[in-house]
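Quick notes on the structure that follows.
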Amino acid sequence: MSQDSSLHDILEQLARQEQADLTTVGLDESLPSSAGDLFSNDYLSLATDTVLRERFRRQALAAPLLFSATSSHLSTGNSKGYNALERRLQRFFGYPAALLFHPGYNASATFFASVPQEGDVIIYDELTHISCRERFRTSASRRVVTYRFAHNSVTSLKECIRNVLHKHPRITQGNSTVFVYLESLYGMEGDFCPLVEMVQLIEKLIHAGRSHIVVDEAHTSAICGPNGSGYVSLLELNDRVHTVVHTFGQAWGFHGGVILSSAKVRECLINSAEHTIFSPMLPYTDINGLQSRLDIISGDRGEEVSLSLLWLIPSSSSVFCIPFSPQKIPDKLRQRLNEVSRYAHKQLLSALKHIPEGILSVEHLSLETGARRDIGLYSPIIPIYTPLAVDLSDYLLTKGYGASAITYPVVKKPMVRMSVHISNKEADIDSFIEAVVEWATKQAQDGVRSVGRSESNYVEKARL
């Protein structure tokens, strides 16, 4: 088929411009993996967990059905096995109702496309991930107004709420709702939300029943809280945060997501959201995979665990039971992750403190926002900021690391994002830091490159 057309010419010109502006990174081949994985979101290393793999294999071999659910939630896809998984997630996270989605991105997208109504307002953190901001535009098309506040600033949120209440008297009158969207752990910046303080402020300024707090737990699901139930549960805010979104593409080592909220919100999503009306349900392989992961995440990995999974056959009321022998695992997953994260914070900050900020910076570590020392929690995400992010990632690739530069429009400041896993040894972290320092030292010796035209374009775009 001929590729010559004005459209292809335009796309080629756009690609060249983005490359000149440092706003795109091409990856035509898979990244190397000879060095340790310090870049994926597989925080609990479940993707390579042999116990989980064996558990899933045994379930899959014994399960009566494996593949597609063949239909949507409102039709035959609403199986007993699917309902059993939703009820289990509902109990695990401690909310009145649960609704599964695949992929996880569709969870928040569907919520904001369906739940906020005309006249409502959405308030969000300025560093909310760009994919989330795209979801708000769907709501804006239905005359839902959006406002943003300075990143993790309680003071800025206070000013924003006061401004919203002044401009939108319908809220005070009880005719509209303010939706406040927060992330428990910001996936690019790696810092925790001051959630308790923000919830208290929202409750103080907005009358009861006129606000709706939504917390995205993509990067805290399974890594903290009672049995891995998340940041909101850790802070005991389940009764004060109205909707929580957990996605399974990070610590769960899987895909998909779940919305935890009220029964009324769930009903709205099922009956009015295009995704749930027209998309087929999770295939049975995914139900199986999530059940087996939940066994691991919610169990105590430092003690003997004896579990039986109940597989409900969709076409009958009978129950198929798969017994498992006890497994003895030496380390508790979340405890190990916190230990490795704390070590990475300490070592990286120490190693880079003499590197000029014009070359590298790990600013959030110095501000200590990547750690909640009051509750003993460390972020597994550490952004290494550098205007030469592409150069740094290219250098790390030569060392066998699967690093990729993250640039505009994904983030305002270019970076290489480090994320630690329980499978990382201290020596793995030391070797990576050594490679970063080696690159930075060479840059310093060669002289910090002045910001050229392309970097200026980058900075200008990032301000928009």
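The values are calculated or read from the model by the stated rules, or taken from the named source; none is laboratory data. Keep in mind that this is a model prediction, so the values were computed, not measured. Here the Cβ is made from the backbone with ideal geometry for all residues, glycine too, and neighbour counts use every protein chain on show. Note: areas computed on protein heavy atoms with side chains; ligands, DNA, RNA excluded. Shrake-Rupley method; radii C 1.70, N 1.55, O 1.52, S 1.80 Å.
Just need a number here: residues in the range 166-180 that are open to solvent by less than 40 Å² (accessible area, probe 1.4 Å) and either free of Cβ contacts under 8 Å to residues at least 40 places away in the same chain or within 30 Å of the chain's Cα centre (by Cα) (or both).
Qualifying residue count for the region: 5.
Listed by first and then second residue, the pairs linking a residue in the range 380-391 that is touching a residue at least 12 places away in the same chain (Cβ under 8 Å) and outside any loop (DSSP other than H, G, I, E, B) to a residue that is hydroxyl-bearing (S, T, Y) and open to solvent by 10 Å² or more (accessible area, probe 1.4 Å), with Cβ atoms under 7 Å apart and 6 or more places separating them unless they lie on different chains, are Y385/S361; A389/T407. R210 meets each of the listed conditions (1) surrounded by 24 or more Cβ atoms within 10 Å (Cβ to Cβ); (2) of a type outside the set (V, I, T); (3) out of contact with any Phe, Trp or Tyr (no Cβ under 9 Å at 6 or more places or on another chain) apart from (1). What about Y408, is it more than 27 Å from N338 (Cβ to Cβ), of a type outside the set (D, E), in contact with a Lys or Arg (Cβ under 7 Å, 6 or more places away or on another chain) and modelled with pLDDT under 95? Yes.
For F56, the criteria (1) modelled with pLDDT under 85; (2) in a helix (DSSP H, G or I) hold in every case but one, which is (1). Are any residues in the range 141-151 open to solvent by less than 60 Å² (accessible area, probe 1.4 Å) and out of contact with any strand residue (DSSP E or B) (no Cβ under 7 Å at 6 or more places or on another chain), and if so, which ones? Residue satisfying the conditions is A150 alone. Entry remark, the range 338-377: residues being modelled with pLDDT of 85 or more, in a helix (DSSP H, G or I) and aliphatic (A, V, I, L, M) number 6 in total.
Yes or no: the range 268-285 includes at least one residue that is open to solvent by 20 Å² or more (accessible area, probe 1.4 Å), over 26 Å from M198 (Cβ atoms), in a loop (DSSP other than H, G, I, E, B) and of a type in the set (S, T, Y). Yes - at least one qualifying residue is present in the range 268-285.
I'm trying to understand the selection: among the residues of the range 208-225, which are in a loop (DSSP other than H, G, I, E, B) and touching a residue at least 60 places away in the same chain (Cβ under 8 Å)?
The initial filter retains those residues of the range 208-225 that are in a loop (DSSP other than H, G, I, E, B), namely 208-210, 217-225.
If the condition is that a residue be in a loop (DSSP other than H, G, I, E, B) and touching a residue at least 60 places away in the same chain (Cβ under 8 Å), then A218, H219, A222, I223, C224 are the ones that fit.
Only residues that are open to solvent by 20 Å² or more (accessible area, probe 1.4 Å) and not in a helix (DSSP H, G or I) were counted in the range 226-246, giving 6.
So, in the range 1-53, how many residues would count as being open to solvent by 60 Å² or more (accessible area, probe 1.4 Å) and at pLDDT below 60? Residues that pass the stated criteria total 7.
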